[in-house]
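A short worksheet on the structure shown next.
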Amino acid sequence: MKERIHTIPVNEAFLSGDECPFCYLERQVEQRVIKYTLGSGASYMEPEVRGETDRQGFCGAHLKKMYDFGNTLGNALILQTYFVGLFEEMEQEMDRFRSPGKRGLFGRKGEEGESTLVQWMRKRQSTCYVCGKIEYNMERYVETFFYLIKDGEFRERVENSKGFCMRHFLRLMEAAPDLLPNSQLDWFYPTVFHLMKSNMARVKGDLDWFIDKHDYRNATAAWGNSRDAVSRTMEKLQGLHPADPPFRSEPR
Ligand SMILES: [Zn+2]
Ligand SMILES: [Zn+2]
């Protein structure tokens, strides 16, 4: 099988034992982007990178992760220029603003009935530099996954994985009809449905036992795989690693 730039990480993710190989990849990209931006390479000082962070800003979740990473001065510099641009645009939008008056029952709904200020704010708040980079990479990982399905060894790796979180299951279901020929779709659907059903049942069983373990009658029984059942259930549902410690510039 021809090696492509993304085949190695995708293969690794399916061997990771993670509740979702795409969450495993997503975490890798996220940490790489945060480290690239704020780490010792100080990419935030490069005009090209700063231009992008000024334009796109950060979502709440990534502001928190940038804060946790450390490099407070780096964060301050990124926020300073972002803030200047945001403030200027906000002032311009406020100057242009005219009250639309109370919206009647049959008034125009949606974008056309909205002020440009509201449209501008929504656009400003919908972008994130880190999310954008994650999305760019995840698209390639998903394409690589479907490309690798041709390979019998990879299909076996998928069959032996723990399935996917609901978020990435949706993503695969959306992309499959565009990226797989019919012959491979015939493998894909039953395999992925079986993986999802059996692994959701497994995680649910772990969660049940986690709860039952709190019954005094089970005090001496073994935990089995249930100690981290809550964080793994959360991952299966929304594709996060809630038990991860904050990703920091250097271990403290
Ligand atoms: Zn996932
Ligand atoms: Zn984000």
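Are any residues in the stretch 1-24 assigned to a helix (DSSP H, G or I) and either more than 16 Å from Arg232 (Cα to Cα) or at pLDDT below 95 (or both), and if so, which ones?
Residues satisfying the conditions are Thr7, Ile8, Pro9, Val10, Asn11, Glu12, Ala13, Phe14, Leu15.
Would a scan of the stretch 19-32 turn up a residue that is away from ligand 1 (no atom under 16 Å from the Cβ) and among the β-branched types (Val, Ile, Thr)?
Checked against the condition, which is being away from ligand 1 (no atom under 16 Å from the Cβ) and among the β-branched types (Val, Ile, Thr), the stretch 19-32 yields no hits at all.
Pairs please, first residue from the stretch 235-247 and more than 16 Å from Phe22 (Cα to Cα), second anywhere and in a loop (DSSP other than H, G, I, E, B) and more than 16 Å from ligand 2 (Cβ to nearest atom), Cβ atoms under 9 Å, 6+ apart in sequence or on different chains.
Ala243/Asp228
How many residues does the stretch 192-216 contain that are surrounded by fewer than 16 Cβ atoms within 10 Å (Cβ to Cβ) and of a type outside the set (Phe, Trp, Tyr)?
Looking only at that region, the number is 11.
For the list (1) away from ligand 2 (no atom under 13 Å from the Cβ); (2) in contact (Cβ under 8 Å) with a residue 12 or more places away in the chain; (3) surrounded by fewer than 16 Cβ atoms within 10 Å (Cβ to Cβ), I need the number of the one condition that Val142 fails.
Status for Val142: all satisfied but (3).
Identify, please: which residue in the stretch 185-244 is outside any helix (DSSP H, G or I) and of a type in the set (A, V, I, L, M, F, W, C) and is, among those, nearest to Arg27 (Cα to Cα)?
Leu240
The values are calculated or read from the model by the stated rules, or taken from the named source; none is laboratory data. Because the structure is a prediction, the values reported are computed rather than measured. Note that we place each Cβ from the backbone using ideal geometry, even for glycine, and neighbour counts take in every protein chain shown.
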